[in-house]
Amino acid sequence: MKVDWLVVGAGFTGAVLAERIASQLDQKVLVVDRRDHIGGNAYDYYDEHGVLVHKYGPHIFHTNSRKVWNYLSQFTEWRPYYHRVLASVEGRLVPVPFNLNSLYALFPPRYAERLEEKLIYTYGFGVKIPILKMREAEDSDLRFLADYIYKNIFYGYTLKQWELKPEELDPSVTGRVPVYISRDDRYFQDTYQAMPKHGYTTMFANILRHKNIKVLLNTDYREVVEDVKYRRMIYTGPIDAFFDYMHGKLPYRSLRFDFMYEEIEQFQPVGQVNYPNEHSFTRLTEFKHLTGQKHVGTTMAVEYPQPHVVGENEPYYPIPREENRHLYELYLKEADKLAGSVLFAGRLADYKYYNMDQAVGRALKLFEEVVAA
Ligand code: FAD
Ligand code: UDP
């Protein structure tokens, strides 16, 4: 087989690059994925009960990028959806990110009022403060509140998810869920928040439907790399695996998902409930909230974090911290040596904690600045 490009990985990064190359440059692309489906970690499917679920955990689309939104809108219609998350704290379910409503749900009204006033006076209404920053507050009430939130929302959850304390990770990790001085209970405040109306997999099928694109599933690229004639490769798998772990293994976190079906209309009040302080799982997601599907039953995913072990489970999360960045940079140097023949991009190849829209943005930028330049 002869193509212009061999793209490894049929997730957002690989699919978007394949589509751009096929439609804008009229060049031929072979997309190879070792899994038995397209979509990467965003893959969804109807389970044995007929409920639309996300195989690799809840995926909620949100972005501030008009460019990314317009790009994907060519391939899907959308269903508006605002994700809401509650966390179980001292027997109550309170909104996360922690906000003024969470404050009133947990503390007596007079005390909550005092804390609200101090929060607004110190930081301003509508402001978001990462928890690690808030813990530096000088005011003793605010420091008490920060320590309370740290202990009850972040500490246990982070220890389960990463086997690290919040301060042992790059501050951007817990900074994804900052304390929000507001009454807005939505998990995200992005301009565009919606789910692909017919699911992610359908959207991916539309992205990849082009006469210049062929998709080969159930195939590790190493099985075909000698047989396919191609000019250049785009690699979206783990960067350390590409180089046979020559500098050592880059750590990733993995998850085990347990799916649970109940013959009831609704299991929990919102799409996601977090359990920072109890159980060995971190969160429980009920898919019908996300997808809007009507069904007599409901399916939930329960997430049990675990270390990534090559060949045993999937590398879902890069672990953002200094020592891992140094190791990644050694691999980046190797990647740079191959720049003329192999391009590396995506959450695993860039070793960056990208959301879906960032993966799409990265792919579009790489196309414009390198592939098509
Ligand atoms: P991937 O989707 O990982 O695709 C890489 C592909 O490469 C995979 O399909 C893999 O099988 C394939 N591959 C790897 N090695 C090889 C090989 N040797 N040969 C052939 N194929 C190979 N983002 C959001 O915006 N919102 C969310 O709510 C959200 N929730 C998430 C929840 C979880 C549990 C996880 C893990 C991620 C979540 N994300 C979310 C992030 C989102 O999944 C990623 O941003 C996105 O999938 C990255 O796309 P990608 O193409 O870079 O990587
Ligand atoms: N986090 C937490 N408690 C929560 C929610 C998040 O401690 O209730 C921390 C935790 O370290 C988590 C990080 O914030 O890994 C990022 O959360 P996010 O919901 O963005 O994680 P993702 O959806 O990417 O798994």
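Any read-out appearing in this document is the output of simple, stated calculations on the displayed coordinates, not a laboratory observation. Just so it is clear, the model here is predicted, and its values are computed rather than measured. Note: ideal-geometry Cβ built from the backbone for every residue, glycine included; neighbour counts use all protein chains shown.
Worth a mention:
- Choice from 202, 298, 122 with maximal GNM fluctuation in the chain (Cα, 10 Å cutoff): 122
- A crude spin-label estimate for the pair residue 147 and residue 323, with each label 7 Å from Cα along the Cβ direction, gives 2.9 nm.
- With neighbours defined as other Cβ atoms within 10 Å of a residue's Cβ, the residues 203, 260, 195 order from fewest to most as 260, 195, 203.
- Gaussian network model of the chain, springs between alpha carbon atoms under 10 Å - residue of 192, 46, 230 with greatest fluctuation: 46
- Among 262, 314, 19, residue whose mean-square fluctuation peaks in a GNM of the chain (springs only between Cα atoms under 10 Å): 262
- Across region 3-137, Cα pairs under 8 Å and at least six residues apart give a relative contact order of 12 percent.
- Approximate shape of region 176-238 as ellipsoid semi-axes (Cα gyration tensor, √5λ), whole Å, largest first: 39, 17, 10
- Sorting 132, 145, 284 by the number of Cβ atoms found within 10 Å of their own Cβ, with the fewest placed first, yields 132, 284, 145.
- Descending Cα extents along the principal axes, region 88-201, whole Å: 50, 31, 28
- Across the chain, Cα pairs under 8 Å and at least six residues apart give a relative contact order of 27 percent.
- Taking one quarter of the surface of the convex hull spanned by the alpha-carbon atoms of the chain gives a direction-averaged projected area of 19.3 nm².
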